[in-house]
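Engineer: Sharing a structure below in structure tokens format, with a few things to ask.
The values are calculated or read from the model by the stated rules, or taken from the named source; none is laboratory data. Everything quoted here is computed from the prediction, not taken from an experiment. Virtual Cβ from ideal backbone geometry, glycine too; neighbours counted across all protein chains shown. Keep in mind that these areas ignore ligands, DNA and RNA; they rest on the heavy atoms of the full protein, side chains included. Shrake-Rupley method; radii C 1.70, N 1.55, O 1.52, S 1.80 Å.
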Amino acid sequence: MIRTLVADLHRHVGQTITIAGWAQALRRQRALQFVIVRDHTGAVQITHRRDGTPLEERLEGLSVESAVRVTGRVVANPAVSLGGLEIVPVSVTVENRAETPLPIDANTGADGRQDWRFLDVRRRLAARLVFEVQTTAEQAMRSFAYSRGCTEMHTPKLMGTASESGAEVFEVGYFGRPAYLAQSPQFYKQMAIAAGIDRVFEVGPVFRAEPSFTSRHATEFTGVDVELAWINGVEDVMDFEERMLAHVLAAVDAAHGPALAEYFGVQVVVPTVPFPRVTMAEALRIAGTGSGDAPRDELRPRDDLDPAGERAVAAWVRERTGHEFAFVTEYPASVRPFYHHRPAGSPTLTSSFDLLWKGLEITTGAQREHRYDVLLAQAAEKGLSPEPMRWYLDCFRFGCPPHGGFGLGLGRVLMVALGLDSIREATFLFRGPNRLTP
């Protein structure tokens, strides 16, 4: 049976068509029956004059959120608020009658809506719009990466040894021995670079065993990872990312700008490039004093920014440049992985960065150390044994080029772009320390 989408009904005035969707609302009067039917493109009013037929009985027995097919004639009626159209039904098929009462309503809290996520997304256009924006953003990321010569890869998510530092990983049983869910495709991206695949791009799941209960953390999320070979320095990596994000936001604005303004009250700002750069030393001064002008000896005795510090740096950059994005660069080696490159003459710093968007960290990136002997020394400095990651270190023994890349959290990008309160709203089925269902 050919189905007509609600959004296309204006093309079929006077014609008999079939729509399929859910009964959003029911209104029963003495002489008339009204049903609002919604599909993923919109809603339309079904108007039936009571006539004592089986059709009247079927409409009377409907419940809200029942899945129905309606065949009828499309009629123009300016008095109807839903697009000035209504359908006069000829037949109604109830494909699945919804139980009553529904388990959630407009007053249900966030946890309750997560328990019944399929109903939550189905009933709220704003919730479905999140995933339309996600599709556009992801497609734009891919198209940009392809245009820059990237090869898309799919790396393993089961590892024989814990990736990176070994912290915050999930251990699983694997045929009588332990395995670990990958907390990053980092090592595999670098292996692809060593394999002669000059530019690597991946969109895939990332697992972090962090007992964090904040609005921006999840134990499983979608990561967007890029690795670039033959770079001249970390600036090449930042240049790639800022241009990719400008491309993505232009695509989102073109496809969804009016809808985002209507349902989320946000205006998509397509950023100019380059993004502002702030060194970590400057960032710590800004976070500690509200100004970047304090002398170096007043630098606070800490090595990283907390969330309040990230917001302070973003506000400082926004005030002075009008820019929503800011790269924080030159992180201390003490808070970065052993494989981050260190600039010549600055052994305590790394050629690395975080990207803040409106005060939220969405990306971590760096130039990688590609020299085998230096990697061994930096691993030893961190107290790491080379043996468990010998397969990784071997990539650097036989001619690995200079390279660098970044990892971006897709959920955090959506969260900031749409002004959402929590990453839960930017994820179809959220995973956190206390949530493994649905």
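Engineer: Say whether the condition of being more than 19 Å from Thr100 (Cα to Cα) and either open to solvent by 80 Å² or more (accessible area, probe 1.4 Å) or free of Cβ contacts under 8 Å to residues at least 24 places away in the same chain (or both) is met by at least one residue in the stretch 36-44.
Structural biologist: Yes: one or more hits.
Engineer: Restricting to the stretch 25-77, what's the tally of residues that are under 39 Å from the mean Cα position of the chain (by Cα) and of a type in the set (Gly, Ala, Ser)?
Structural biologist: Counting residues in the stretch 25-77 that are under 39 Å from the mean Cα position of the chain (by Cα) and of a type in the set (Gly, Ala, Ser) gives 6.
Engineer: Please go through the stretch 313-329 and give me each residue that is surrounded by 21 or more Cβ atoms within 10 Å (Cβ to Cβ) and either outside any helix (DSSP H, G or I) or among the polar types (S, T, N, Q) (or both), ordered by number.
Structural biologist: Across the stretch 313-329, the qualifying residues are Phe325, Ala326, Phe327, Val328, Thr329.
Engineer: Of the numbered conditions (1) open to solvent by less than 60 Å² (accessible area, probe 1.4 Å); (2) closer than 29 Å to Val121 by Cβ; (3) out of contact with any His (no Cβ under 9 Å at 6 or more places or on another chain); (4) of a type outside the set (Gly, Ala, Ser), Val75 fails exactly one; give the number of that condition.
Structural biologist: (2)
Engineer: Additional query: If Ser91 satisfies every condition in (1) more than 27 Å from Ile17 (Cβ to Cβ); (2) surrounded by fewer than 17 Cβ atoms within 10 Å (Cβ to Cβ) but one, which is the exception?
Structural biologist: All conditions pass for Ser91, except number (1).
Engineer: Give the residue that is farthest from the chain's Cα centre (by Cα), with candidates limited to residues of the stretch 286-335 that are at pLDDT 95 or above and of a type in the set (D, E, K, R).
Structural biologist: So the residue we want is Arg320.
Engineer: Oh, and also: Among what's in the stretch 127-180 and is in a strand (DSSP E or B) and not aliphatic (A, V, I, L, M), pick the residue that is farthest from His256 (Cα to Cα).
Structural biologist: Here the answer is Arg177.
Engineer: Another question, then. May I ask you to verify whether Leu158 is surrounded by fewer than 17 Cβ atoms within 10 Å (Cβ to Cβ) and hydrophobic (A, V, I, L, M, F, W, C)?
Structural biologist: yes
Engineer: Keeping to the stretch 202-231, report how many residues are touching a residue at least 60 places away in the same chain (Cβ under 8 Å) and outside any loop (DSSP other than H, G, I, E, B).
Structural biologist: Here the count works out to 12.
Engineer: Give Phe406, Phe428, Phe398 a once-over and let me know the one that is over 29 Å from the mean Cα position of the chain (by Cα) and touching a residue at least 40 places away in the same chain (Cβ under 8 Å). Walk me through it before giving the result.
Structural biologist: Details: Phe406 fails: over 29 Å from the mean Cα position of the chain (by Cα); Phe428 fails: over 29 Å from the mean Cα position of the chain (by Cα).
Just a single option satisfies the conditions, and that option is Phe398.
Engineer: Can you name the residue in the stretch 79-88 that is open to solvent by 50 Å² or more (accessible area, probe 1.4 Å) and either at pLDDT 95 or above or among the hydrophobic types (A, V, I, L, M, F, W, C) (or both) and is also farthest from Ile2 (Cα to Cα) among such residues?
Structural biologist: Restricting attention to the stretch 79-88, the residues satisfying the condition of being open to solvent by 50 Å² or more (accessible area, probe 1.4 Å) are 79, 81-83, 88.
So of that shortlist, the ones also either at pLDDT 95 or above or among the hydrophobic types (A, V, I, L, M, F, W, C) (or both) come out as 79, 82, 88.
Working: Ala79: 28, Leu82: 23, Val88: 18 Å.
Step by step, filter the stretch 79-88, then rank; the result is Ala79.
Engineer: Checking the conditions here, which among Gly419, Gly383, Gly399 is in a loop (DSSP other than H, G, I, E, B), exposed (fewer than 15 other Cβ atoms within 10 Å of the Cβ) and at pLDDT below 95?
Structural biologist: Selected residue: Gly383, the only one of Gly419, Gly383, Gly399 that is in a loop (DSSP other than H, G, I, E, B), exposed (fewer than 15 other Cβ atoms within 10 Å of the Cβ) and at pLDDT below 95.
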